[in-house]
Amino acid sequence: MSEIIATALKILFFVLVFVFSTAALLTWVERKQSALMQDRVGANRAKIFGLRLWGLFHIIADSLKMFLKEDFRPQGAEKLLFLLAPGISMFFAIAAFAAIPFADVLVVGGTAHVMQIAALDVGILYVFATMSMAVYGVVLGAWASNNNYSLMGGLRASAQMISYEVGIGVSIIGVLLVFQTVNLQEIVRAQGALLGGWLPKWGILYQPIGFLLFFTTGLAETKRIPFDAPEGESEIIGYHVEFTSMRFGVYFLTDLIETVLIACITVTLFLGGWQVPYLTAAGFEFPWGVSLALSNLTVTVLQFLGFSLKVAVLLWFMMLIRWTLPRFRYDQVMALGWKILLPLALLNIFVTAAIILFV
Amino acid sequence: MNVHDKYKPLTFWERTYLPRIWDGLVLTMRHFFFNLWHFFLASIGVQREWKGAVTYQYPEVRRPIWPRLRTLHRLTKREDGTPRCVACMMCETVCPAKCIYIVAGERPEKQIEKYPLQFDIDLGKCVFCGYCVEACPEDAIRMDTGILEFAAYGRNGMLLTKEMLLSFVPKKEHYTARPDLEARPAPAPRLSEA
């Protein structure tokens, strides 16, 4: 019973509070950051009692607008699928968060709780399984709209997402070879060790190429610029052309949740997850001999803050990429995925395996 | 970028795409941090204006308009307050969008035979070409009100009547887009005013 309550609290905290508020905040971050990058002011019109708070109320204004707009269903659309498709898309994006560890173990009243919604041994495999299901929401929505343009967008989306699914799956095998496990919590724990007594043993040190490949394919998975050929909201017609109001909003939010997801996985695999340098379960232990004992709760909070900070930095970087690069042409997307990223990822596996085997 | 650059063969590092991506990211990153710093300074009140932002905060801050910019039409008046228009139909004839409707009425005086009973401009059709201003022999119509906001909820709202056109006043201070032009002497007055 207490296990169920603990899991429910973890879901409440990590998914409903952390993930959703991050994704909602990203709608604002995206507008504001792009404005700063392009020498503009950005969203700042929404105000409550004369208070503008740098446009933060646009989150409320945007969602209110989404709810109040006309909910349009095209004639001849497949009713059930049209209703379900955005939900399917979002469901799988959220479900993947179950295996992401966001802190180490928190001891409450003598029981140790792993700060991970589902302590799965298959970890990363589960995440990839759910992530690859997300394409169904896109394709079903595109097909159910009874619109040929949206169907084309859906096909484009499925071709791209499945192509990069191959690349993303292969690009992490190097990490799995290094850490010898698919359990995400184990992978993060392994990254807490120090190399030469001072350098945190993060995955990016062992797999720089793997990091680059994973990050690139991950960007393509989120269907955002420069890989936004499936969407191309205003220029080319995407899979959600017939979706209005909150149905579109769900698709839009799914993209942002997937962005958070990719950032979380990248952090977990390559940037040490919840590891804060020199922070062990007992407290800080600096390599120059200084140590600072901390309580279990403090350590857990610090670990979660470290995790959030890493995710935030990665999200910032993903936004930076999104507002710097132009969109890839569709054949370029395919060529990049199959001819460059996939062979490089395979080469990465061979080199990593050879080093592990012979060194 | 120089136009001829695209004919140069790319070097190996350029073809790997990554260095160029990094260059672009550094460029946008520089803008981001520069503007973030100024944003921060402005929010704590150290600096009032945004150096980085090139946008105008529209309803509060208006963009300066060029003195020759064609804005909403108006009809000029004589000294006695009657419209300068003599209903010669020149503007109506020259209008490529056919948006001017004039109904002429007769005047008792011999010097000025006609005046407009009705002078409507359908802004829904107007293309703001300024031909009417050029064609008018009496300098009766001008496009110097400085009014740029004339949106309406329906087509009826886009109809400007003679009374409305006569009620508009010219924009006196033509604040310029470039401060260096403010030092220039004022343009020579029109022949009709001289």
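The values are calculated or read from the model by the stated rules, or taken from the named source; none is laboratory data. Quantities reported herein were computed from a predicted structural model and do not represent experimental measurements. Heads up, the Cβs are rebuilt from the backbone with ideal geometry, glycines too, and the neighbour counts pull from every protein chain shown.
Among the residues making up region A:316-355, a single one is exposed (fewer than 15 other Cβ atoms within 10 Å of the Cβ), within 14 Å of chain B (Cβ to nearest Cβ) and of a type in the set (A, V, I, L, M): A:A335.
Pairing residues of region B:11-30 that are facing chain A (nearest Cβ under 10 Å) with residues that are surrounded by 13 or more Cβ atoms within 10 Å (Cβ to Cβ) and in a loop (DSSP other than H, G, I, E, B), at Cβ distances under 8 Å and at least 6 apart in sequence or on separate chains, gives B:I21/A:T324; B:I21/A:L325; B:G24/A:T324; B:G24/A:L325; B:L25/A:T324; B:L27/A:T324; B:T28/A:W323; B:T28/A:T324.
Looking only at region A:133-148, count every residue that is in a helix (DSSP H, G or I) and surrounded by fewer than 19 Cβ atoms within 10 Å (Cβ to Cβ) and tell me the total.
Taking region A:133-148 as the starting set, the residues that turn out to be in a helix (DSSP H, G or I) are A:133-144, A:148.
Of the ones still in play, those that are also surrounded by fewer than 19 Cβ atoms within 10 Å (Cβ to Cβ) are A:133, A:136, A:148.
So the count comes out to 3.
Scoring A:V313 on the criteria (1) closer than 17 Å to A:P200 by Cβ; (2) at pLDDT 90 or above; (3) more than 14 Å from every other protein chain (Cβ to nearest Cβ) leaves a single failure, condition (3). Answer yes or no as to whether A:G109 is touching a residue at least 40 places away in the same chain (Cβ under 8 Å) and surrounded by fewer than 17 Cβ atoms within 10 Å (Cβ to Cβ). No; evaluated as a whole, the condition is false for this residue.
Inspect region B:58-76 for any residue being over 20 Å from the mean Cα position of the chain (by Cα), crowded, with 16+ Cβ neighbours inside 10 Å and among the hydrophobic types (A, V, I, L, M, F, W, C) and give the result as yes or no. No.
Residues that are exposed (fewer than 13 other Cβ atoms within 10 Å of the Cβ) and of a type outside the set (D, E) are absent from region A:26-36. Cβ-Cβ distances below 6 Å connect the following pairs, each with a first residue in region A:306-331 that is of a type in the set (V, I, T), a second residue that is in a helix (DSSP H, G or I), and a separation of six or more residues or different chains: A:V311/A:A263; A:V311/A:C264; A:V311/A:V267; A:T324/B:G24; A:T324/B:L25; A:T324/B:T28. Taken over region B:78-92, the residue count meeting the criterion of being of a type in the set (A, V, I, L, M, F, W, C) and touching a residue at least 60 places away in the same chain (Cβ under 8 Å) is 0.
One residue stands out among those in region A:18-60 that are among the charged types (D, E, K, R) and under 25 Å from the mean Cα position of the chain (by Cα): the one that is nearest to the other protein chains (Cβ to nearest Cβ), which is A:K32. Filtering region A:159-202 to residues that are surrounded by fewer than 19 Cβ atoms within 10 Å (Cβ to Cβ), free of Cβ contacts under 8 Å to residues at least 60 places away in the same chain and more than 30 Å from A:T300 (Cβ to Cβ) leaves A:I162, A:G169. Of all residues in region A:149-171, none satisfies being touching a helix residue (DSSP H, G or I) at 6+ places or on another chain (Cβ under 7 Å) and not in a helix (DSSP H, G or I). The sole residue among A:A281, A:A263, A:A293 that is buried (at least 24 other Cβ atoms within 10 Å of the Cβ) and of a type in the set (G, A, S) is A:A263.
Residues in region B:105-122 that are under 23 Å from the mean Cα position of the chain (by Cα) and free of Cβ contacts under 8 Å to residues at least 40 places away in the same chain: B:D122 only. Working only within region B:33-56, note down all residues that are part of a loop (DSSP other than H, G, I, E, B) and either at pLDDT 80 or above or at the interface with chain A (Cβ under 7 Å from one of its Cβ atoms) (or both). Matches in region B:33-56: B:I44, B:W50, B:G52, B:A53, B:V54, B:T55. Counting the residues of region A:224-260 that are of a type in the set (D, E), in a helix (DSSP H, G or I) and crowded, with 23+ Cβ neighbours inside 10 Å gives 1.
Residues of region B:82-105 that are within 15 Å of B:E138 (Cα to Cα), touching a Lys or Arg at 6+ places or on another chain (Cβ under 7 Å) and in a loop (DSSP other than H, G, I, E, B): B:R84, B:V86, B:A87.
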